[in-house]
Amino acid sequence: MDTGKKAYVVAIMIQLIYTGMYVVSKAAFNHGMSTFVFIFYRQAAAAVLLLPLAIVLERRNAPPMSFWLFLKLFFYALLGNTLSMNLYNISLKYTSATVASATSNSVPVVTFFLAVLLRLEVVRLRSPSGMAKAAGVALCLAGVLTIALYTGPSMSPVNHHRAFAGAAEHHEASGGGSKGRWIKGTFLMLLSNTTWSLWIVLQASLLKEYPNKLLSTLVQCLLSTAQSFLLAVAVERDPAAWKLRLDVGLLAVGYSVSAVQHASSVMMISFVAAMRFRPDGSRRRIAVLQIG
């Protein structure tokens, strides 16, 4: 199999991995796991995973990092990891894994829209490509509104499995089926996707200033771990919320960390191939490690 075909296969595999993560994370939250504690454990485990790789691969050729660059990485970690992931998990409690998977398709459109606002992309509305992009934006927004305003009948066959036992009862008890929570969750998820899209756009300038992808990813992950810890401590005062048990919560954390390993393969994907799955309208080739 040539490199081009491998890139498409890897991209599909990554999407399947993230789809599984939506389902497992939703089950963990339905079982009562704190979304804030979950993000801390996830980021901490990802940092532990990336640290030895960075030491082995980048210890000799790591470029120096200025104070202002460190501040940028702190802001990027806050925006693209800490804020985006916490908003996403809160919204996932209010909605479903299906909504999470569906609304993730808004990321390419929002990224493209932000790239236009920041003048990283030019749209010619009179050209066929410009009209296609405008139509894509409109269809995406229509889809998000449909998901937000129409919930449909409840279907939960997966809850019969012992690993997800009690999830449906917890969801209903928390009012997860109410219309207001569903709409609120959908728009929180859209806000999460917007912050994530902005993070993607900002990586273009970051990789020009500091082209070491692995090291910049590790620093952002470490900073996000610290930020997530402070946020979780401020929100979760009950020590019991920090305990990991042998249930779906531990499975969700472990699965999320494995997603980091597989997402590292994004680095081998040419940006043309990645555009098919996460297009952002840019003509540049950007390879970024996605945490979680």
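The values are calculated or read from the model by the stated rules, or taken from the named source; none is laboratory data. Worth saying up front: this structure is predicted, and the values here are computed from it rather than measured. We place every Cβ from the backbone using ideal geometry, glycine too, and count neighbours over all the protein chains shown.
Out of all the residues in the range 95-109, which are within 30 Å of residue 125 (Cα to Cα) and over 14 Å from the mean Cα position of the chain (by Cα)? Of everything in the range 95-109, just one residue is within 30 Å of residue 125 (Cα to Cα) and over 14 Å from the mean Cα position of the chain (by Cα), namely 109. Among the numbered criteria (1) part of a helix (DSSP H, G or I); (2) of a type outside the set (Ser, Thr, Tyr); (3) farther than 20 Å from residue 182 by Cα; (4) in contact (Cβ under 8 Å) with a residue 60 or more places away in the chain, which single criterion is violated by residue 23? With (1) part of a helix (DSSP H, G or I); (2) of a type outside the set (Ser, Thr, Tyr); (3) farther than 20 Å from residue 182 by Cα; (4) in contact (Cβ under 8 Å) with a residue 60 or more places away in the chain applied to residue 23, the lone miss is (3).
Condition check ((1) touching a Ser or Thr at 6+ places or on another chain (Cβ under 8 Å); (2) without any contact (Cβ under 8 Å) to a residue 12 or more places away in the chain; (3) part of a helix (DSSP H, G or I); (4) surrounded by fewer than 21 Cβ atoms within 10 Å (Cβ to Cβ)) across all residues:
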| site | (1), (2), (3), (4) |
| --- | --- |
| 42 | yes, no, yes, no |
| 51 | no, no, yes, yes |
| 60 | no, yes, no, yes |
| 92 | yes, no, yes, no |
| 102 | no, no, yes, yes |
| 129 | no, yes, yes, yes |
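For residue 148, the stated conditions do not hold, so it cannot be described as part of a helix (DSSP H, G or I), over 18 Å from the mean Cα position of the chain (by Cα) and modelled with pLDDT of 85 or more. Against the list (1) closer than 24 Å to residue 202 by Cβ; (2) within 22 Å of the chain's Cα centre (by Cα); (3) not aliphatic (A, V, I, L, M), the condition residue 64 fails is (2).
For the range 10-18, the criterion of being in contact (Cβ under 8 Å) with a residue 40 or more places away in the chain, of a type in the set (S, T, N, Q) and either under 17 Å from residue 84 (Cα atoms) or surrounded by 16 or more Cβ atoms within 10 Å (Cβ to Cβ) (or both) is met by no residue.
Within the range 248-261, one or more residues are modelled with pLDDT under 80, surrounded by 13 or more Cβ atoms within 10 Å (Cβ to Cβ) and of a type in the set (Val, Ile, Thr). If I filter the range 159-178 for residues that are part of a helix (DSSP H, G or I), polar (S, T, N, Q) and either under 16 Å from the mean Cα position of the chain (by Cα) or modelled with pLDDT of 85 or more (or both), do I get at least one hit? No, the range 159-178 has no match at all. Just to be sure before I move on: is residue 12 at pLDDT 75 or above and assigned to a helix (DSSP H, G or I) in the structure I sent? Here the answer is no, as residue 12 does not meet what is asked.
The condition of being under 22 Å from the mean Cα position of the chain (by Cα) and at pLDDT 75 or above does not hold for residue 141. Filtering the range 103-120 to residues that are more than 10 Å from residue 140 (Cα to Cα) and not β-branched (Val, Ile, Thr) leaves 104, 112, 113, 114, 115, 117, 118, 119, 120. Please verify whether residue 88 is closer than 19 Å to residue 208 by Cα, in contact (Cβ under 8 Å) with a residue 24 or more places away in the chain and surrounded by 20 or more Cβ atoms within 10 Å (Cβ to Cβ), treating the condition exactly as stated. Taking the combined requirement at face value, the residue does not satisfy it.
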